[in-house]
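Notes follow the structure.
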């Protein structure tokens, strides 16, 4: 049986300088609109993750909550993990490997370069910088999340906003 993982880069954020730290940056209006569009497309594709986990940074958390709402999921069901903000690719991989094996389909929202590097590591192929609000859907040929990065993995879908950054 395969595990499915949807990796999301947060939507377009407000510019630097409007808040006192990078962590506090929230979604720009375009970022919110792109997140909703991604959620609508995921719903059309029949995506139904059991686990939704995000960086606690507002721009990532709001992105995944907007997507969750479009998937008819409670936006408050989105979990957060500080490693998705502070950690590099290995930390993100560790988060994935810690998912409960009872979960068949999961969704993770974070930041570049970590999310792009995670896609590249899982697929053992280059991933050239995910755009804002971009979703990469993967199928991992395993029964256990612990083997993520060591098992066969293939991209099964990709959703990009009209604009890339």
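Taken together, the values in this text are just the output of simple stated rules run on the coordinates, not laboratory data. It should be emphasised that the depicted structure is a prediction, and the values quoted were computed from it without experimental measurement. Here Cβ is always computed from backbone atoms with ideal geometry, including for glycine, and neighbour counts include all displayed protein chains.
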query: Got a number for residues in region 46-71 being farther than 14 Å from residue 111 by Cα, in a helix (DSSP H, G or I) and either under 12 Å from the mean Cα position of the chain (by Cα) or without any contact (Cβ under 8 Å) to a residue 24 or more places away in the chain (or both)?
result: 3
- prompt: Is it fair to say residue 161 is under 24 Å from residue 57 (Cβ atoms), in contact (Cβ under 8 Å) with a residue 40 or more places away in the chain and within 12 Å of the chain's Cα centre (by Cα)?
  reply: no
- line: Among 53, 47, the single one that is surrounded by 18 or more Cβ atoms within 10 Å (Cβ to Cβ), closer than 29 Å to residue 101 by Cβ and in contact with a strand residue (DSSP E or B) (Cβ under 6 Å, 6 or more places away or on another chain) is 53
